[in-house]
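In what follows, a structure is listed as C-alpha cells, so that the remarks can point back to it.
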Amino acid sequence: MKKIYVLIIGIFLLLVSSIIIIIISKNDNSLVYTTFRKSYSYVSKIDEEEDIVIIIDVNNKDSFLIREEAINSCYISDKQENNKRKLKLNKIEYYRQIEIDEEIYYEYKFSFSFPIEAEIEEDFIIDEAFLILNFSDDSISLYIGDFNYYKVSKIQDSSNIRISKIKGIVNVVDERKRVVGLNVKVENISSKDLKITELNIFNENLNFDGEEVKILETEIVHNKDISELVSDYNYLDSFSKTNILNLIINANSSLDLFIPIVYIKDIVCNEFGFAIDFLFGEEKETYIYDDFIFFENIFYEEKQINDLNLYYYERN
C-alpha cells in the first residue's frame, strides 16, 4: 500500500511539473505586442552615429522579444523590404506599465544606433516604416510610423547667426498631442544686417507656416493655445502654406519668433531638427539645428490607443 501511495504522489508531481513547464513555455512563446506609431525624425553630422529609441509594448514580461541575446539583427525598412538600413541594437530596458483595452502591457525602450555609412550628405526617408527584428529561427515586423533620417556636413555652425532659445508650443489637437509651433530666438552676431529667406523642417510630413510667423514682444508658455496665436489654425493645411520669408535681423540684434507648424498627415512627431536659410550680403548660408525632443508621451490620448495595431504571435 505504501508503494502505491509513493507511486501516486510521484505521478501527481510529474503531472504538476509538466503543467508548469507547459505554462512557462506558453508564456515565453505567446505574445501580443504593439507600438504607438509616430513620425521619427533625425538629423546628424556625416561622421556621427545617430541614436534611435523605439518603444515597444508587450503583454508578457517573459517574452523572447525583450531578450537582447535573442535578437540576431534588426532593420528599418519599407513594407516590401526593398529599402532598408541595418541598425545596431545597443540595449533593451524596461520603461513602465500601461493599460490598453483593460489589459496590462509593459513598455520597453529599444535603443539602436545607425552605423556610420555616409560619406556625403544624404537622407533615408520611408513614409510607412517597419522595424524588423530577426531571431535565430524567426522574425517579426512592426509598423512604427514614418521615418526621416538626414546626414549633413554642418550643425549649428555659423559665424553670423545663432539660436539662443528654442521652445516647442504643444497643444492637444484632434485628440493628439502635437507641436503646433516653435518659439525661437534668432541672433544676428555679425556686424551686418541679414535676411532670413526660408525655414525648413527635417521631416517630410511637417512644414513651417511662413505666412503666420510673428515677432514676439512677450514670453509665451509652452502650452499656449494656438488659436490665440493663429486665427483659424488648421494643422492639416500644409499644402497651402509657404516656408518662404523676407525677415530682416539688424546687425548685433535678435528677434524672438513664433513659427507655426502644419502637417501633411495626421501623425505625432515630438522630435525633429530644422534649417534656417539666410542671406548675409549676397552670400547664402544655412544654419542647421539638430533634432530636439519637444515633449514626451507620458499619457496617451484615447485616439492613439484606438488606432493601435495589436500583433498576435505564437512561437512554435
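Criterion first (among the aromatic types (F, W, Y) and loosely packed, with under 15 Cβ neighbours inside 10 Å) does F274 satisfy it?
Numbers: among the aromatic types (F, W, Y): yes; loosely packed, with under 15 Cβ neighbours inside 10 Å: no.
Taking the combined requirement at face value, the residue does not satisfy it.
With the structure loaded, tell me whether L133 is over 21 Å from G273 (Cα atoms) and crowded, with 20+ Cβ neighbours inside 10 Å or whether it fails that test. Step through it out loud before you land on a result.
Working: over 21 Å from G273 (Cα atoms): yes; crowded, with 20+ Cβ neighbours inside 10 Å: yes.
Here the answer is yes, as L133 does meet what is asked.
Any idea which of G181, G210 is in contact with a Phe, Trp or Tyr (Cβ under 8 Å, 6 or more places away or on another chain) and surrounded by 14 or more Cβ atoms within 10 Å (Cβ to Cβ)?
Values: G210 fails: in contact with a Phe, Trp or Tyr (Cβ under 8 Å, 6 or more places away or on another chain).
Of G181, G210, the one residue that is in contact with a Phe, Trp or Tyr (Cβ under 8 Å, 6 or more places away or on another chain) and surrounded by 14 or more Cβ atoms within 10 Å (Cβ to Cβ) is G181.
Report every pair of residues separated by at least 6 positions or lying on different chains whose Cβ atoms are under 6 Å apart, first residue within region 141-163 and among the hydroxyl-bearing types (S, T, Y), second surrounded by 17 or more Cβ atoms within 10 Å (Cβ to Cβ).
S141/F130; S141/I132; Y143/F130; Y149/Y42; Y149/F124; Y150/V43; Y150/F202; S158/Y287
Kindly indicate whether N246 is loosely packed, with under 12 Cβ neighbours inside 10 Å, in a strand (DSSP E or B) and either in the same structural domain as R178 (by TED's automatic domain parsing) or modelled with pLDDT under 90 (or both). Full working, then the answer.
On the way: loosely packed, with under 12 Cβ neighbours inside 10 Å: yes; in a strand (DSSP E or B): yes; either in the same structural domain as R178 (by TED's automatic domain parsing) or modelled with pLDDT under 90 (or both): yes.
Yes.
Residue by residue through region 220-243, note down the ones that are more than 26 Å from the chain's Cα centre (by Cα) and at pLDDT below 95.
Across region 220-243, the qualifying residues are S231, D232.
Considering (1) among the acidic types (D, E); (2) modelled with pLDDT under 95; (3) more than 22 Å from E204 (Cβ to Cβ); (4) in contact with an Asp or Glu (Cβ under 9 Å, 6 or more places away or on another chain), say which one E49 fails and leave the rest.
(4)
Of everything in region 163-177 that's basic (K, R) and modelled with pLDDT of 95 or more, which residue is farthest from E271 (Cα to Cα)?
Of region 163-177, the ones basic (K, R) are 165, 167, 176-177.
Those left that are additionally modelled with pLDDT of 95 or more: 165, 167.
Values: K165: 16, K167: 12 Å.
Across region 163-177, the extreme among qualifying residues is K165.
Out of the residues in region 152-178 that are buried (at least 17 other Cβ atoms within 10 Å of the Cβ) and basic (K, R), state the one that is nearest to E121 (Cα to Cα).
In this case the residue turns out to be K167.
Considering each of K109, K88, K79, K61 in turn, give the residue that is under 19 Å from the mean Cα position of the chain (by Cα), surrounded by fewer than 19 Cβ atoms within 10 Å (Cβ to Cβ), on the phi < 0 side of the Ramachandran plot and assigned to a loop (DSSP other than H, G, I, E, B).
Result: K79 is the single residue among K109, K88, K79, K61 that is under 19 Å from the mean Cα position of the chain (by Cα), surrounded by fewer than 19 Cβ atoms within 10 Å (Cβ to Cβ), on the phi < 0 side of the Ramachandran plot and assigned to a loop (DSSP other than H, G, I, E, B).
From the list E302, E283, pick out the single residue that is more than 24 Å from Y42 (Cβ to Cβ), modelled with pLDDT under 95 and assigned by TED's automatic domain parsing to the domain that holds V213.
Working: E302 fails: assigned by TED's automatic domain parsing to the domain that holds V213.
Residue meeting the stated conditions: E283.
From D307, D291, which residue is touching a residue at least 40 places away in the same chain (Cβ under 8 Å), surrounded by fewer than 17 Cβ atoms within 10 Å (Cβ to Cβ) and closer than 30 Å to V58 by Cα? Working first, answer last.
Working: D291 fails: surrounded by fewer than 17 Cβ atoms within 10 Å (Cβ to Cβ).
Going through D307, D291 in turn, the sole match is D307.
Counting residues that are among the acidic types (D, E) and either in the same structural domain as S254 (by TED's automatic domain parsing) or at negative phi (or both), which strands (runs of 3 or more DSSP E) fully inside region 136-210 reach at least 1?
Values: elements: 139-152, 161-173, 176-188, 194-201, 206-208.
Passing ranges, in order: 139-152, 176-188, 194-201.
The values are calculated or read from the model by the stated rules, or taken from the named source; none is laboratory data. Please read all numbers here as calculations on a predicted model, not as lab measurements. Here Cβ is always computed from backbone atoms with ideal geometry, including for glycine, and neighbour counts include all displayed protein chains.
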